Amino acid sequence: MKLSEREWLIEQDKLEASGKFETCFALTNGYIGIRGINEEVFCEETPGTYIAGVFDKSTAQVTELVNLPNPIGLRIYINREFLNPLKCEILEFKRVLDLKQGILYRKLRLKDVKGRITTIEGFRFVSMNNKNLIVQKYDVVCENYSAVLNVESFIDATTVNSKDVPNDRVKHYEIDKKKDFADGIYLGITTKDKKYKVGIASSTKVLLNNQRCYFNRFTKDLGYIITENFEVEAKQGERYEIEKLTVLVSSREKNVGDVFETCTNKLKEFETKSAEKLLFEHIEEYKRLWDVANIDIVGDEVANKSVKFNIFHLISMANPEDEHVSLGAKGLHGEGYKGHVFWDTEIFMLPFYIYTNPAAAKAMLMYRYNLLDAARENARKNGYKGAQFPWESADTGEEETPKWGYDYLGNPVRIWTGDIEYHISADIAYAVMNYVRATDDIDFLLNYGSEIIIETARFWASICKYNKEKGRYEINDVIGPDEFHEHCNNNAYTNYLAKWNLLKASELCNLLLEKYPKYFEKLSKKINLSDEEPFVWQEIASKIYIPYHPDKKLIEQFEGYFNLKDFVIKEYDQNNMPVWPEGVELDKLNNYQLIKQADVVMLLYLLGEEFDDQTKKINYDYYEKRTMHKSSLSPSIYALMGVRVGETNRAYINFMRTALTDLEDNQGNTHLGIHAASLGGTWQALVFGFGGISIEKDDVLSVNPWLPEKWESLKFSIWWKGNLLDFKITKDNVEVKKRVEKGNVKLKIKGQEAII
Ligand code: IFM
């Protein structure tokens, strides 16, 4: 195996337990996720093994993604003494995430207390084309000694969720089967509440010159751990190859049958191929995905590499074959936010998939569609009509937001987002239209999307309250995107998106009635849609209140926001992140104009066509100085909008903040999982910000790029209505080529119209 060129490599050169690297080096294929711990499993590390959709509640505060047994354990013993890297002199250490090939490479050269030097070098990957498979392959060389080597492979079921937080720690599963099945070892578990079964089978080979070379194999059932051991008469200088294949199967998938049988049969099937062949197929799959998703920035190495890092995790996380799971805010990379799905998916990540892997985007929207009944039930329980999507969603579509958490000072606080952060329902409707516009997937719109848009419009119609005195509709007691402010009245973002949702639903009814009357009739019957409803939606939309100060052209984030105490950010830390202004009391954020993340500016981005350039600029200037970026969802939007309003300096600073969120751990919590929204935001900032892509009336693709000084060129590709378009942008040229042809594409390059 040869590592890729430098621009594709993320390196760790110090052997240490690092939560940041465990997350950054996590490998996933959208089905399995494993954190980037070391094979030996050091006790300071947090192993994390997840299967998308395998949630459980048990004694946890809320349903959470289960931390399954760790299947990747491997240890070497020399004459029965553990070769513990932490107790050796490290002559060489390197771990490298190869983004192009989807491989985590590791090289260790260790000198133990007896002066024995051992080299261990190899890699692991979570197969991109065989969703159930993990492959590990390491070569071991005893450089200056001969000895009996014991290679111990293990599956470790001591894992728990929230390992380091005593109050939250939960064991979500019981072991139901352990077995040495001659070709390998098996450990099966059942989760405590939902009774999901997960089987883990692994088989290990130790080879010398391609021949099995051990003189003794034995397994041990150690209660929570099952091991498979191989003893080898290792000769100085020989290269011993260790190959471990692991298969994970869960009863959550359809037609799995007996988990043990399926798991071991799959393992047998994979064993018929060599590790090289499995690796080759895996790399081919990454090649296929990179072929569309890659972005090249020439002239800025840090930006180029970090962008590839962001895209790597995005392409790895998706599973177009599963319409019953979606992407958690922390991916399958850690336990932050309990594996829950937020608006992060539809607003931040989904555009990446819409434009580079539409099948994956569709599967994510289908996850919402498949949970539409639960959203209807949420609305009903809360006294509303239509469908109210949960702020945090897991496997059933019920609201999963915990009721309690901690504030910045560590004090327990009530979390209100699950009760009143309503905007997610409009965000999902927005995402549906975003997908349909870019793909022209009318079939999806007719069969699934329209129902989401209409049911969410019904929700808004029922939550909007008419204020007779003021002659307007209002939505009160909400949290907008900026979560520093709770219980606000008339949050501009929420109200505008609600208005958009109501109008879209009414337009859609007209379109269906006119062009697809049979579908419309069927849908109307199914959801009991009356003729009057679209008129009611229009009426509400026309009178919904948006706090706005025309004299200053300022949108007020919510009613009364401008009366709050004003602080302006003046200081930045070593990662260029804002520092709390002096005098701010961290438990009184509701009282200040400081905001956590883009809110009004988010609105100006999503519904850009509704606002003139001057309004965008004025509001950007006002809110940017007051945004603390305490959510990783924030900098990307300020980067993108920075380009659009001509604040290019701010745009670049914010772009680097978002692109380096995890690599620099600039939010301070990368150990909890990848900041998945920031990955998607990074992509959007590039394509819709610096790349200058926007969609104008009549689906004209407009291209108005701006490149930072040191960028020589920016290259990216997008799917647009079945055409695959390659863009190459330099300071004075925009080149657009069609790689896959479906039909005419209307372009407007720096104002010049063209059809290709
Ligand atoms: O959805 C976000 C929210 O906007 C800010 N807090 C974290 C959530 C999950 O990423």
Region 483-636 - charge dipole about Cα centre, Lys and Arg +1 at Cβ, Asp and Glu -1, debye rounded to 20: 360 debye
Overall form of region 706-756 per C-alpha gyration tensor (a/c, 1.5; a/b vs b/c): oblate
Proxy reagent accessibility, fewest Cβ within 10 Å first, across Val113, Val298: Val113, Val298
Distant-in-sequence amide H partners of Asp300 (H built 1.01 Å from N, under 5 Å): Glu712
Per-residue [θ]222 nm for the chain (sum of -39500 (n - 2.57) over DSSP H runs n ≥ 4, rounded to 500): -9000 deg cm²/dmol
Derived scalar couplings ³J(HN,Hα) [region 343-355; Karplus, 6.51 cos²θ - 1.76 cosθ + 1.60; whole Hz; x for Gly, Pro]: 5, 3, 5, 6, 9, 9, 8, 3, x, 4, 6, 3, 8
Between region 674-697 and region 147-189, the Cα center-to-center distance that results, in Å: 40 Å
Sparse-neighbourhood loop sites, trypsin sites (Lys or Arg not before Pro) in region 422-492 - DSSP loop, at most 13 other Cβ within 10 angstrom: Lys468, Lys470
Assigned charges on the beta-carbon of Lys, Arg, Asp, Glu; the chain dipole about Cα centre (debye): 860 debye
Region 382-413 versus region 26-83: alpha-carbon centroid distance in Å: 27 Å
Kirkwood-Stokes translational diffusion coefficient of region 252-382, alpha-carbon pairs, 25 °C, 0.890 mPa s, µm²/s: 140 µm²/s
Cα-based Rg / Dmax (Å) for region 224-325: 19.5, 54
Mean Cβ count within 10 Å, highest first, over the residues of peptides 375-381, 330-336: 330-336, 375-381
Computed log₁₀ I(q)/I(0) - Debye formula, equal Cα scatterers, no solvent, region 167-308, q 0.12, 0.16, 0.20 Å⁻¹: -0.74, -0.98, -1.15
The chain, relative contact order in percent, only Cα pairs under 8 angstrom and at least six apart counted: 11 percent
Sorted peptide list for 287-295, 61-69, criterion being average Cβ within 10 angstrom, highest first: 61-69, 287-295
Using a Förster distance of 30 Å, the FRET efficiency for Ser713-Ile618 (Cβ separation, nearest 0.05): 0.40
Fully extended contour minus Cα-Cα distance, from Glu174 to Thr730, at 0.36 nm per residue: 194.4 nm
For region 339-478, alpha-carbon Rg and Dmax in angstrom: 16.2, 50
Folded to 0 to 90 degrees: helix 492-515 orientation relative to the chain principal axis, Cα: 80 degrees
Net dipole in debye of region 364-510 [+1 Lys, Arg Cβ; -1 Asp, Glu Cβ; about Cα centre; nearest 20]: 680 debye
Likely footprinting exposure, Ser530, Ser58, fewest C-beta neighbours within 10 Å first: Ser530, Ser58
Mean-position separation - Cα centroids, region 729-756 and region 249-269, in angstrom: 48 Å
Amide hydrogen neighbours beyond the local backbone of Leu91, cut-off 5 Å, H modeled: Arg109, Leu110, Lys111
Vicinal HN-Hα couplings computed from phi for region 186-194 (Karplus, 6.51 cos²θ - 1.76 cosθ + 1.60; Hz; Gly/Pro x): 9, 9, x, 10, 10, 6, 5, 8, 7
Fraction of antiparallel bridges per DSSP, region 172-216 only, in percent to nearest 5: 100 percent
Spread of Cα-to-Cα distances over 10 Å intervals beginning at zero, given as percent, for region 36-87: 21, 37, 25, 14, 3
Most positive-pole-ward Cα, Tyr448, Ile463, Tyr473, against dipole of region 439-483 from beta carbon charges: Tyr473
Whole-Hz couplings from phi, Karplus 6.51/-1.76/1.60, listed for region 322-335; x for Gly and Pro: 10, 9, 10, 10, 9, 9, x, 4, 10, x, 9, 10, x, 9
Among beta bridges that DSSP assigns inside the chain, antiparallel share in %, nearest 5: 95 percent
Compactness of region 1-121 as Cα Rg over 2.2 N^0.38 Å, two decimals: 1.21
Per-residue Cβ neighbour rank within 10 angstrom, fewest leading, Ile90, Ile225: Ile90, Ile225
Inter-label distance for Asn265 and Gln236, nm, one decimal - labels placed 7 Å from Cα along Cα-to-Cβ: 5.1 nm
Charge dipole (the chain, unit charges on Cβ, about Cα centre) - positive-most of Ser153, Ile555, Asn67: Ser153
Under 12 Å from Lys111, Cα to Cα: aspartates and glutamates that are on another chain or at least 8 residues apart: Glu89, Glu92, Glu143
Per residue, the convex hull volume that the Cα atoms of region 475-536 enclose (Å³): 101 Å³
Using alpha-carbon coordinates, inclination of helix 372-381 to the longest axis of the chain, degrees: 60 degrees
Mean projection area, nm², convex hull over Cα of the chain: 33.0 nm²
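Each reported figure results from applying straightforward, stated rules to the coordinates on display, with no laboratory input. Since we're looking at a predicted model, the values are computed, not measured. All Cβ positions, even for glycine, are placed from backbone atoms using ideal geometry, and neighbour counts span all protein chains on display.
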